[in-house]
Structures are given as C-alpha cells and as structure tokens.
Amino acid sequence: MSRPRTVRLECGKPTQVNYVLGTELNIDLYKPSPPRSQSFEIRFSPGVKCSILHQQRITPVPEHATKLVLHKGTVLLVTLDKTSRVANDNKVTVTFYGDQSDNPIDKMILQFTAISISLDVDADRDGKVEENHPNKASWSWGPNGHGAVLLVNCDKDATFSSKPDNADNLVNSFSDLKDMSRMILRTDGPELLQYGYKLQLYISASDQDKVRVFLKEGGLLLHVLGHQKLSFVATYMFGNKEYIFFVEGLKFPDKNFDGLVTFNLSLLESMTVAEAPIFTDQVVFRMAPWIMTPNTLAPEEVFVCSVSDNEKFLKEFKAVVAKINCKLTICSKYMNRGDRWIQDEIEFGYIEAPHKYFPVVLDSPRDGSLKDFPYQKILGPDFGHVTRTSDEVNDLDSFGNLEVSPPVTVNEKEYPMGRIIIGSAFPTTSEGRNMSKAIRDFLYAQQVQSPVELFSDWLLVGHVDEFMTFVPAPDRKGFRLVLISPDTCCKLFKKLQHEGHGEAQMFEGQQTQLSKINELLRNQSLLDYNAYVQRCVDWNRDVLKKELGLDEEDILDIPALFTLDQQYGKAKSWFPDMVNMIVLGKYLGIPKPFGPLINGKCPLETAVRSALEPLGLDCYFIDDFTAYHLKLGEVHCGSNVRRQSFALKWWNMEM
C-alpha cells in the first residue's frame with residue numbers, strides 16, 4: 001500500500017512538488033475549486049495514474065478527458081511508478097466547469113518530479129541488501145518471516161585493544177566491518193533538481209546505547225549515529241546515489257530491551273521558517289540472541305585447567321579427548337592461579353546473522369581466579385565475550401548451574417534449540433540461593449531457548465550439573481536425560497549384599513576412609529538422607545518431564561549417594577558423582593566412582609555401562625577423586641566444551 005501525502009493546489013497557479021515513488025499524493029478538489037463549480041476534468045502525463053476518492057470509494061480516472069461531477073469531499077489520488085528524467089516532467093491538470101457549460105471556470109496545475117528514496121536492509125535474511133523490501137519496517141519469525149538481523153560486535157579484531165570492538169567508536173579493521181550489518185540509503189532521480197532538500201537518518205534516544213552506525217565516505221568510515229548521536233543529516237544529492245552504512249550492535253536483548261532497533265529516514269524540504277518532512281522511511285533490526293549448545297552437538301574445542309595436583313587426571317582426560325577430532329585448550333597454572341573450575345567461570349554459545357557467525361563466551365559474575373582467562377585467552381577475532389555482573393554473588397551464579405536441553409517438542413510446541421536449564425531455591429523458600437537476577441533476565445530475554453527453573457538449592461554447591469545431564473541417543477527424541485538416583489544405588493548395594501558381597505569396600509586405593517557395603521546399609525541416617533535426596537531429584541524429574549515433554553523411557557537413572565554437610569545443612573556427593581560427566585560425541589568422560597570391587601569389577605561402573613552403552617556410547621572412567629571430588633566437584637565441573645552451532649537458523653524458528 002502506498003503511503004499518502006497531502007498536497008494543496010491553487011487555481012491559476014502551478015504547484016511544483018517532488019514526488020517519492022511508493023507514495024500517493026492526496027489532493028482535495030472540492031475546497032480549492034472556484035465558486036459555482038459543478039464538474040471537473042483531469043488530464044495527466046503518460047505513466048501517471050489518477051483516481052478519485054469519494055465516500056470511501058476509489059474510481060480510476062480514464063486516460064481520455066471525461067467530465068466528472070464535483071462533490072464535497074472529492075479527493076484526487078496521484079501515483080507514479082518510475083523516476084523522472086528531468087525536473088517537473090510529470091503534469092496533472094484539473095479543469096473546473098460550471099453548470100451545463102463547456103467553458104472552463106478555472107484550472108489547477110500540478111507539476112511534479114518523481115524521485116526514488118529507500119532505506120534498505122537485508123529484510124529477507126538472504127545475506128543481500130535488497131531494494132525497498134515491502135516488510136523491511138517490521139520483524140516476524142519463521143522460514144517465511146522477515147526483518148534484518150544485527151550482531152552484537154562483541155569480539156576483538158584489534159590486537160592493540162583489550163576490550164571488545166563494541167566498546168569504542170572506531171572501526172578497528174576490515175574484519176571489524178564484517179561483524180556489522182549493512183544498511184544502504186538509495187536515491188534516484190534527475191541530475192538537476194531544485195535545491196533545499198535534506199535527508200535525515202535518526203534513532204530514538206532509547207536506542208542510542210544499542211547501536212552504532214558508520215557511514216562509508218570515500219575511503220573513510222565516519223561515526224554518524226549512536227553513542228549520543230541521535231541523527232545524521234545529509235544534503236539530498238541528485239541523480240543516482242548510494243549512502244552505505246555499517247550498523248554495529250552494542251547490546252544483547254535484556255530485561256528492558258526486546259532486541260528490536262528502529263531506524264527512521266525523512267526527506268526534509270526547506271521552507272522559510274523551518275524544514276518540513278515530505279517523506280519518511282523505516283527499517284527494523286533484531287539483535288541476534290546468544291544461543292547455548294547442548295551435549296548432542298559435536299564438540300569443536302575442549303577446555304581444562306592444569307593445576308598443581310591434577311596431573312594424573314589430565315593424563316586420563318587427554319586420552320578421552322584424543323578419541324575425537326577436537327582441539328584441546330589447557331589453561332595454564334599461570335593463567336588459572338589455582339582455580340580449576342572452568343565450567344563454573346564460563347559458558348560457551350554463539351551468535352549468528354545471515355552474513356556472519358561466531359562463538360561468544362558468557363562470563364559468569366563468579367569471578368574466581370579464572371576471571372582473566374575469558375578476556376586474555378578467549379576474546380579475540382571472531383570470538384566474542386559477554387558478561388553480567390551482580391552485587392551479590394552466590395554459588396548458583398556459577399555456570400555448572402547453567403545447562404541446556406537438546407531440541408524438544410512440548411504439547412506440540414517446538415523448541416528446536418532446546419531449553420535453558422537453571423537451578424534455584426524454588427519451590428522451598430524465597431530466602432534460599434538463586435541465580436542472580438541480572439543473569440536470569442539476560443537468559444530469558446534471548447527468547448529462543450525459553451528457560452526452565454529447577455530446584456538445586458538442596459545441594460551444597462547447588463548446581464544442576466550435579467544431578468542431571470543429557471547424552472545423545474540414536475532413537476526416540478535423539479537423547480536421554482540422565483539423572484542421579486540414590487534409590488537405584490541403594491537397591492544395587494542391597495543386591496550385592498544379598499549375593500554375599502557385603503564386606504566389599506568402597507574407595508580402595510584412595511586416601512579416604514574405606515566403607516563396606518554392610519556398613520553403609522546399616523547407616524540409617526545415611527539411608528534416610530538419601531531418601532530425601534531422591535525426593536528432591538524426583539521433584540526435578542517431574543518438572544523436566546513436563547517442561548521438556550519427556551516420557552519415562554527418555555530418562556536413565558545413574559547410581560549415586562549423598563551425605564549431609566553438617567556445617568551448611570546441604571547435600572554433597574559421597575562417591576564421585578557419575579552424572580557430572582563430559583560428553584564428547586559418543587565418548588563420555590565419567591568420574592570414576594571407586595565402588596566396591598566384585599570379581600575385579602566395579603558394579604557402579606557396570607551399572608552405568610549397562611545404561612549408556614546400548615545407546616552406542618563409549619564410557620571412560622576418569623580418576624578425579626583427589627583433584628576434584630574431594631574439592632566438591634567432578635569432571636564436568638573441571639572442564640568445558642565449545643560445540644558446533646545448530647543447523648537451524650534461529651530466525652527461522654516459529655515463536
């Protein structure tokens with residue numbers, strides 16, 4: 001639909017205007033008509049289209065002159081679909097007649113120059129900036145949707161800077177430009193035109209901290225919008241002209257930012273006292289969300305720390321990583337300064353636009369001794385960084401408490417990029433530990449991986465990765481949810497006792513107190529406490545079944561036992577928590593439980609193999625007892641994985 005523009009004509013005096021393609025000139029014929037006018041006749045140049053609007057009815061005007069009855073409220077509509085070759089080469093003449101007379105009373109003349117102006121973006125998301133896309137001023141999701149995409153320029157292409165590229169008003173390199181989205185202002189028309197017209201590009205005050213815009217001017221790139229610059233004005237240049245802008249995203253969607261940014265363009269006509277708008281155009285960008293990657297996606301890079309006491313662990317860990325074609329990055333002692341919990345410090349994800357993709361690390365507010373690692377070793381060319389801070393930080397702000405499911409369908413609603421999972425104090429008390437509001441707001445605002453909140457505050461550390469994980473599977477939904485199960489563990493030990501293995505001991509070869517199966521089964525307080533732990537896990541089991549659309553066949557139970565930490569009144573794993581594993585394709589790096597040896601084999605390991613290996617998975621048990629388990633963490637807590645992105649483009653999701 002053409003955009004209307006009111007034009008006022010006078011009898012006996014030609015009126016000259018500039019007409020922008022895509023608009024519709026609306027001319028009231030009744031009010032300026034001379035007295036005693038009863039009818040009118042319209043003549044117009046070839047290519048011009050005229051219609052009469054009266055009482056909500058539109059009637060095309062034939063090319064040959066025909067007298068029409070003049071009514072109160074009669075409006076002439078004028079359009080054209082090609083630009084002018086010279087100024088004022090299009091003409092519309094309205095001649096007025098009295099009652100039953102062929103002699104004209106007077107006439108109005110409109111002379112106009114047709115020009116083309118369009119502010120353009122990649123609205124159909126094919127990587128090209130097409131001209132005047134009909135839906136460029138709005139956003140819609142889905143494969144048939146529309147709307148341009150903007151990346152937060154949070155990588156670091158400049159070697160001289162220690163901050164992300166979006167932290168300054170500079171274009172640091174040609175690579176920096178590739179992280180931005182192009183926006184083109186196109187004009188076309190005759191070479192000669194009356195002067196006094198300006199083009200104004202502007203954003204709202206609320207968007208000035210969301211975007212930054214650079215104009216390519218010759219060999220220079222000028223900062224023209226954003227960061228306290230709300231508008232850019234240029235003299236309208238006649239003929240065919242392109243202004244090429246590069247738009248830089250500065251902020252991710254968040255609580256008070258829905259991710260949409262609007263750019264407005266106005267053509268201004270200089271008048272005696274001020275400038276008046278005669279045409280406006282608009283485009284919309286959506287900021288690309290930060291997207292997490294689940295265990296079912298292939299690993300590309302594995303991270304682990306080298307600390308003073310984990311040499312044996314590293315050797316076994318490296319052996320598992322070596323089984324896949326994957327880069328291994330070891331954070332040195334100098335960099336980690338004794339902080340081994342690399343899972344808690346960072347979470348890997350990515351951002352994507354039709355023209356560009358790069359991974360982005362989410363840096364937790366935990367800020368342990370690893371806090372410099374993301375800035376100094378990860379942030380770089382085509383590797384972004386984002387963080388959220390909080391005045392009050394607790395254990396639930398560490399990213400062992402941040403996971404994401406594989407793609408799921410729940411009650412016919414698809415989540416093709418899975419759902420983010422975080423732990424909280426819900427449902428017990430508002431006074432318990434919760435993930436910081438700043439992080440939760442950020443995660444919810446990304447929209448594409450609608451979060452699910454679980455109950456994790458019953459744990460001493462309080463992380464969801466202590467009681468759950470996902471592993472790939474060849475059938476059903478393409479994965480299994482793996483949960484700890486004290487009940488499964490107790491039944492296994494009772495079975496072993498019944499078979500005469502009650503004197504078999506846990507933790508042989510480890511520097512800790514040995515425990516016999518008979519002893520732990522006589523420890524009623526331990527059994528009672530694990531009944532409580534099972535109840536907490538079952539609460540989360542029910543939530544996950546509902547929120548992820550799972551059946552019991554989609555869930556695997558892994559033996560585990562927990563003890564009560566007397567100082568804090570929370571649960572901690574008694575033997576290495578096997579669900580806290582690293583998933584690398586079909587290879588699983590699992591904490592070695594050091595269960596009782598029966599005929600030279602650990603029944604806990606056997607139980608895990610029986611559950612996972614039928615899925616085509618290979619289980620490798622890693623000794624993390626001294627270096628991690630006794631410090632309240634396991635393999636997953638001490639490692640991290642950057643994975644491939646989803647094949648699905650997030651903008652093609654149906655929301």
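Read-outs: derived from the displayed coordinates by stated rules, not from any lab. Being a predicted model, the structure only gives us computed values, none of them experimental. No Cβ is skipped: glycine too gets one built from the backbone with ideal geometry, and neighbour counts run over all protein chains shown.
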In whole Å, what is the distance between the alpha-carbon centres of the range 216-246 and the range 1-38? 33
Explain nothing, just the number: relative contact order of the chain, from Cα pairs under 8 Å at least 6 residues apart, as a whole percent. 11
Can you order the peptides 328-334, 408-414, 418-424 by their average number of other Cβ atoms within 10 Å per residue, highest first? 418-424, 328-334, 408-414
Positive minus negative residues near Tyr334 (Lys, Arg vs Asp, Glu; Cβ under 13 Å): +1
Checked the range 437-490 with the C-alpha gyration tensor, a ≥ b ≥ c its square-rooted eigenvalues, rounded below a/c of 1.5, otherwise prolate if a/b is larger than b/c and oblate if not; verdict oblate
Quick one: which residues, 5+ away or cross-chain, put their amide H under 5 Å from the amide H of Ala123? H built at 1.01 Å from N. Glu130
Which distance in Å, rounded to a whole number, links the C-alpha centroids of the range 497-511 and the range 562-638? 17
When mean projected area of the Cα convex hull in nm² is calculated directly from the model, which label among (1) 36.7; (2) 30.5; (3) 29.0 fits? (1)
Taking a label point 7 Å from the Cα of Thr15 along Cα-to-Cβ, the residues of the range 101-139 whose backbone nitrogen sits under 12 Å from it are 108-112
Taking every other residue with Cβ under 11 Å from the Cβ of Val224 and scoring Lys and Arg +1, Asp and Glu -1, one gets +2
Count neighbours as other Cβ atoms within 10 Å of each site's Cβ, and list the chymotrypsin sites (Phe, Trp or Tyr not before Pro) in the range 491-578 that are DSSP loop with at most 14 such neighbours. Tyr568
Restricting to Cα pairs below 8 Å that are 6+ residues apart, what does the relative contact order work out to for the range 291-652? Please round to a whole percent. 20
To the nearest 0.05, how large is the calculated FRET efficiency for Lys128 and Gln524 if R₀ is 56 Å and r is the Cβ-Cβ distance? 0.20
Let me see the pair-distance distribution of the range 3-116: every alpha carbon pair, 5 Å bin width, integer percents in order. 2, 12, 24, 25, 21, 10, 4, 1, 0
Could you give the angle, 0 to 90 degrees to the nearest 10, between helix 311-321's Cα long axis and the longest principal axis of the Cα atoms of the chain? 50
Name the residues whose placed amide hydrogens come within less than 5 Å of the amide hydrogen of Lys516, ignoring near sequence neighbours (fewer than 5 apart) on the same chain. Met506
The range 48-111 versus the range 390-442: alpha-carbon centroid distance in Å: 65
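Taking 25 Å as the cut-off for C-alpha to C-alpha distance, list the pairs among Lys229/Lys377; Lys178/Lys377; Lys251/Lys371; Lys491/Lys570 that go past it. Before the final figure, lay out each step's value.
Numbers: Lys229/Lys377 34 Å; Lys178/Lys377 22 Å; Lys251/Lys371 21 Å; Lys491/Lys570 23 Å.
As for pairs spanning more than 25 Å Cα to Cα, those are Lys229/Lys377.
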Contour minus end-to-end for Gln644 and Asp565, with contour as 0.36 nm per residue of separation and end-to-end as the Cα-Cα distance? 24.6 nm
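For Gly12, what charge total do you get from the other residues with a beta carbon under 10 Å from its beta carbon, if Lys and Arg give +1 and Asp and Glu give -1? Spell out each step's value before the answer.
Numbers: positive: Lys13, Lys107; negative: Glu10, Asp106.
After counting each charged neighbour, the total is 0.
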Considering only DSSP beta bridges whose two residues both sit in the chain, what percent are antiparallel, to the nearest 5? 75
Mind pulling the angle between the C-alpha long axis of helix 603-612 and the longest principal axis of the chain? Nearest 10 degrees, somewhere in 0 to 90. 30
Computed over all unlike Cα pairs, the Kirkwood hydrodynamic radius of the range 291-652 in Å stands at 20.8
Output the relative contact order of the range 121-287, whole-number percent, from Cα pairs under 8 angstrom with separation of 6+ residues. 26
Given axes a ≥ b ≥ c from the Cα gyration tensor, I'd like to know whether the range 196-280 is rounded (a/c under 1.5), prolate (a/b larger than b/c) or oblate. oblate
Starting from the Cα gyration tensor of the range 506-645, multiply each eigenvalue by 5, take the square root, and state the resulting semi-axes largest first in whole Å. 24, 20, 16
What Kirkwood radius, in Å to one decimal, follows from the Cα pairs of the range 350-434? 15.5
